[in-house]
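This report refers to the structure that appears directly beneath it.
The values are calculated or read from the model by the stated rules, or taken from the named source; none is laboratory data. Because the structure is predicted, anything quoted here is derived from the model rather than measured. All Cβ positions, even for glycine, are placed from backbone atoms using ideal geometry, and neighbour counts span all protein chains on display.
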Amino acid sequence: MELINTPSVANVMIKTGDSKGTLSSAVSELGVYGWSLFDGSSCWESNVGGWLLRTKAKESDEGGVAVGISVLDSPLLM
């Protein structure tokens with residue numbers, strides 16, 4: 001895999017336990033999950049299972065929601 005350079009936006013990131021947020025550059029990552037059912041060389045069925053959008057600080061190389069590096073997000077389609 002290669003790193004995809006995405007445009008960043010200014011965002012206030014607030015961590016649990018902090019009394020104030022920090023202004024930083026943020027990027028969003030969209031993950032699409034799916035499944036496929038194969039029998040030998042032929043595909044019987046394939047479908048999208050869902051998606052996950054997370055937002056994190058641009059400086060971060062990690063993307064873990066559970067460890068507090070990123071947050072779950074909702075897309076705004078324009």
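Where strands (runs of 3 or more DSSP E) fall wholly inside segment 1-75, the ranges with 2 or more residues that are within 13 Å of the chain's Cα centre (by Cα) are 22-39, 42-57, 70-72.
Yes/no per residue for (1) farther than 17 Å from SER74 by Cα; (2) in contact with a helix residue (DSSP H, G or I) (Cβ under 7 Å, 6 or more places away or on another chain); (3) surrounded by fewer than 10 Cβ atoms within 10 Å (Cβ to Cβ); (4) at pLDDT below 90:
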{"site": "LEU3", "(1), (2), (3), (4)": "yes, no, yes, yes"}
{"site": "ASN11", "(1), (2), (3), (4)": "no, no, no, yes"}
{"site": "THR16", "(1), (2), (3), (4)": "yes, no, yes, yes"}
{"site": "THR22", "(1), (2), (3), (4)": "yes, no, no, yes"}
{"site": "VAL27", "(1), (2), (3), (4)": "no, no, no, yes"}
{"site": "GLY50", "(1), (2), (3), (4)": "no, no, yes, no"}
{"site": "LEU53", "(1), (2), (3), (4)": "no, no, no, yes"}
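Selection of segment 36-48 for residues being among the small types (Gly, Ala, Ser) and either without any contact (Cβ under 8 Å) to a residue 12 or more places away in the chain or in contact with a helix residue (DSSP H, G or I) (Cβ under 7 Å, 6 or more places away or on another chain) (or both) yields SER36, GLY40, SER41, SER42.
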